[in-house]
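**Student:** Below: one structure in structure tokens.
Every number here is computed from the coordinates shown, using simple stated rules; none is lab data. This is a predicted model, so every value here is computed, not measured. All Cβ positions, glycine included, derive from the backbone under ideal geometry; neighbour counts span all protein chains shown.
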Amino acid sequence: MAPQNGGIHSHGDGLVHVHPFATARSGENATLVSWWQDAGEALGSGGVLDEDRIEIPAGGTFEEGEDTCEGVDGDPIVQVAVWENAQAALDGDDPDLVTEGFDDIRFLTDGQVYTIAFVPEGTEIPAPASTPDLANVGSDLGVPEDSVPDEADFDGDTDTSEPTADDTTADDPTTDDTTADDTTTDESTPEDTTETTEADAGP
């Protein structure tokens, strides 16, 4: 999807690019939820990531207590699996699992990996298929100058005088971080499978 005025976006390659153009998407506001919301706006629907509900941008909706995962025992819940870097994910290290406070998931370092999932508690959540690409990302990840908006449309204070350094995250555009040149992976898996862009949701 094209860069949004906030500067946190994806090119549909399983990576989240983080180089904010506005204070509404920088610093403490450079979060997974902000990126998810912008993705929904860019694609025309979805973009909700709550503690009990996922609306995948241009995709389906999965809600705790309402939807189930076919062929899987247990009640699915919204979870975000976080790996500190691509190598940890590729090595099969256990991720940190977040089930609440999604607004506090900030893009802090380059190379973080995320999978947004809607699966029963205890389910093994895979890293995004784009994770290997994350390890190969170079430093030239900037947005072309003609793509930088003249002004930001977000609520709150904005600062478009000078974009911050490029930040990229490996993301999965289906359930799909950082500040200053960062790359992270995030994934979504509808139907208890993994898709690349940020969510892993099982219908």
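**Student:** Using the count of nearby Cβ atoms within 10 Å as a rough guide to exposure, how do 43, 134 rank from fewest to most? Walk me through the numbers on the way to the answer.
**Tutor:** Values: 43 15, 134 30.
So the residues, fewest neighbours to most, are 43, 134.
**Student:** Moving on. Going by how many other beta carbons lie within 10 Å of each one, how would you line up 121, 64, fewest first?
**Tutor:** Listing 121, 64 from fewest to most nearby Cβ atoms yields 121, 64.
**Student:** Right, something else. When a footprinting reagent is the concern and you count Cβ atoms within 10 Å, what order do 97, 32 take, fewest first?
**Tutor:** 97, 32
**Student:** Give me the one-decimal Kirkwood hydrodynamic radius in Å for region 42-89, with the sum taken over alpha-carbon pairs.
**Tutor:** 12.6
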